[in-house]
Structure formats: structure tokens, C-alpha cells
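Chemist: Next up is a structure, given as C-alpha cells.
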Amino acid sequence: NEDIFSVMMVTRDLKTWYIGVLIFLLQCGLGILLIIEAARDSSSCAGNNKAEKGTQQCVPFGMPLQVPVEVTIAQYTAVLVTIYGQRDVLMSIQSFLLLRNRNNVDAGDLTWMEFQAEWTSWPSVWLFHILLPNVLKFTQGLIILVASFVVVIIRSGTIIDLIRDFAILLVISQAHNIIFLSMKTGDLGEHLRSKALWVSDARFYLRGERIVYKVIGFIHFMLLLNLVGILTYIVVGQYNGIWMRMKYPDCDVESPRLIGNGLCDDLDPYNTMECGFDGGDCSRYV
């Protein structure tokens, strides 16, 4: 891949590594802060709810009790875009598997590598130029993936919120690619441009890659299956009123989908304290 982590794989240049680690810390830091904020909404909801009872539970990550059908469709679409657009987790695993030992690699022309003389010293090359960069790439990719799902997809109540938050997180997730493009075009100086061009020109001749691609395809499918399954569980809970009853255990209504659907149902028992004043839809009465 043409990103800063791939540059770290082919050079020992400290400036490149400083930039790579800085981008890694930036992406992970922002992703973790978003996840913490979502978790904080879950832990603080009970104390801020006027309909609190002893058996009340908080809805995980502050998810909306109900969302329109079009938002549900947009959520499933966002899952597909996330899986197929955010590939750092899969690509880091793929790089690790393809380059897992020296016998898998026919390095070919290594004149673009700064450490080609050390190629025979496989343990040090593997540790610092294969394992470490791909661990960093995998970690930030996993954090961004979790943040995309937890903070953006399942917490969005409208399509506008979903698109806005998804676009912001997409920029954060592509920071390492953006930096690479800046390096390649010379915006960060000729020295870093030469390092980026090495990655563009790099070629590895690999043995046994077919089985690796099958493994990656299986992981890709399982990841997609799990995210779709979790989202389906959440959507079913919204339609069946599971999350509404969790938040308002003393709210006994005939149509749980009317609670928190964005429209004020000024009827008894919907617009009552036990039902959180129609799940906040009738907040003007609070």
C-alpha cells in the first residue's frame, strides 16, 4: 500500500519514522477519544434521566431508541463502505502473512531498499521493518474501525448526522495516506519525496500468496458478517422496543416504536415521566 507505514517498511530514515509514529498517535488518539465519549454517554444517561427507576438500564453507547427506515438503510450502506474502504486491518494482516518468513520472499531487485545489505539478517529486518509498521497499521485501523461503527453508524439518528460524522472520521482514517501523497508530490521536501517514490517502485516476488489471499478473503467475510450481525441485532431491538424498555422499564405502551421516533405523541401514557416524555420527543413538557 502507498501509505506512511509502507514507507517505514523500506527505510530507516528517522524523519520518516517520526512522521509515521506521529500520524499513528494522532489517529489512535482521536479514535480512542471518540470511543470514550460514546462510552461516557452510556454511563451517564441514568443520572440525567428524570424517569429513573431502580431497574432502569442505559442504552449502550447512547444509541437512538428508534430511527427511520431510510437511516437503517444508510447504516447498512455505511457498514459496507467501512469494510471495503477501511482496509488497513486487512492489509496489515496480509503484509504480515506474505512476509512472515524469509523463505516466502524472492526479493528481486532491492536497490530501492536502504537496508538491502542487511536482507540476509532476516530477524532484524522482520522485527523493525515488517512486524512493527504493520502492528502500528493494524492498531490504528482497528481503532478507527471500532470508532466508525460505535460512534458514527449505530449512534446516528438521521442521515445527515451519519454522513457528516462518517466524512469526518473518514478524513481521520486516511491521514496516513494523505501524508504519503504529500511526500510523493514533494510538498514535504525532496528528501521525503524520494522515500515515497521507493514505495511506489517497490516490488516483492512472493511464494505461496494464493493461500494468503484466501485467508484474507475469509477474514474479510467474517468481519463483514459480524458487523452486519451486530447492526441487525441493534435494528431488531429498535423495532421491537427492546432498547426503549431498557431505558424506560416502567413505560407500558402499545406501540414502542412511537417512543423516541422524533415526533411528539401528546397522549397518555406516551407523554409521561415514565416514558421519558415520549422518549424526549415531547421535551417541551418536561
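The values are calculated or read from the model by the stated rules, or taken from the named source; none is laboratory data. Note that this is a predicted model, so its numbers are computed, not measured. Cβ sites come from the backbone with ideal geometry, for glycine too, and all protein chains shown count toward neighbours. Areas reflect the complete protein model, heavy atoms only, side chains present, ligands, DNA and RNA absent. Shrake-Rupley method; radii C 1.70, N 1.55, O 1.52, S 1.80 Å.
Chemist: For a Förster distance of 22 Å, can you work out the FRET efficiency between the beta-carbons of Tyr76 and Leu267, rounded to the nearest 0.05?
Modeler: Efficiency, from the Cβ-Cβ distance: 0.10.
Chemist: Let me ask something additional. I'd like to check one number: the per residue accessible area of the stretch 206-282, probe 1.4 Å, reported in Å² as a whole number.
Modeler: Counting only protein heavy atoms, the per-residue value for the stretch 206-282 is 56 Å².
Chemist: What is the percent carbon and sulfur in the accessible area of the stretch 157-286, measuring with a 1.4 Å probe over the protein chains and ignoring ligands?
Modeler: Summing carbon and sulfur atoms, their accessible area is 62 percent of the total for the stretch 157-286.
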